[in-house]
Amino acid sequence: MAVRDHGSGAPAYALAQVFDRFYSLPSIASGRKSSGLGLALVREVARLHAGEADFANHSEGGALVRLRLPLLCAG
C-alpha cells in the first residue's frame, strides 16, 4: 500500500530520521510540531508483522509512504 501527498515533501536532511521516535518537523501550515510518533509506530507495527515501511519524496512533489506486509495464508 502506498500513500502520497502533494505537499512539499521532507527536507533532504530529515529523510534519514522521519521514522525516529519523537522526531518531527514544523508543519508548514501551522508552524507547530507533531509528537513525532506516527511514522515510528507505523514502522514498528510493520516490523512486528514481518513487513516494512519506507518514506521518500516523490519525484513530482510531495511525500510517498509505502507499507508492505507479507501475504499470510490461512491453513
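Per 0.36 nm of contour for each residue apart, how much would the distance between LEU48 and LEU67 grow if the chain were fully extended, relative to their Cα-Cα spacing? Full-extension gain reported as 5.6 nm. Charges were assigned to the Cβ only: +1 to each Lys and Arg, -1 to each Asp and Glu. The resulting dipole of the range 1-65 about its Cα centre is roughly 220 debye.
Projected label points at ALA16 and LEU41, each 7 Å from Cα along the beta carbon direction, are separated by 2.7 nanometres.
The helix-based estimate of mean residue ellipticity at 222 nm for the chain, built from -39,500 (n - 2.57) per DSSP H run of four or more residues and divided by its residue count, is -4500 deg cm²/dmol to the nearest 500. Entry note: the range 2-68 has Rg to Rh equal to 0.96, where both radii use alpha-carbon atoms and Rh is the Kirkwood radius. For GLY36, no residue has an amide H sitting under 5 Å from its own, ignoring neighbours fewer than 5 places away on the same chain, with H placed 1.01 Å from N. When you filter the GluC sites (Glu not before Pro) in the chain for DSSP loop state and at most 11 other Cβ atoms inside 10 Å of their Cβ, you are left with GLU60. Note on ILE28 and MET1: with the Förster distance fixed at 25 Å, the Cβ-Cβ geometry gives a FRET efficiency of about 0.50. What net charge is computed for the residues neighbouring ALA2, neighbours being all others with C-beta under 10 Å from the C-beta of ALA2, Lys and Arg scored +1, Asp and Glu -1? Combined, the nearby Lys, Arg, Asp and Glu give +2.
Relative to the longest principal Cα axis of the chain, at what angle does helix 38-48 sit, 0 to 90 degrees, rounded to 10? Roughly 20 degrees, rounded to the nearest 10.
Across the range 2-68, the relative contact order, built from alpha-carbon pairs under 8 Å that are at least six residues apart, equals 42 percent.
A short reminder: the numbers here are calculations on the coordinates, not readings from a lab. The model shown is predicted, which means the values in this text are computed figures rather than measured ones. Because the Cβ atoms are built from the backbone with ideal geometry, glycine has one as well, and the counts that use them run over all protein chains shown.
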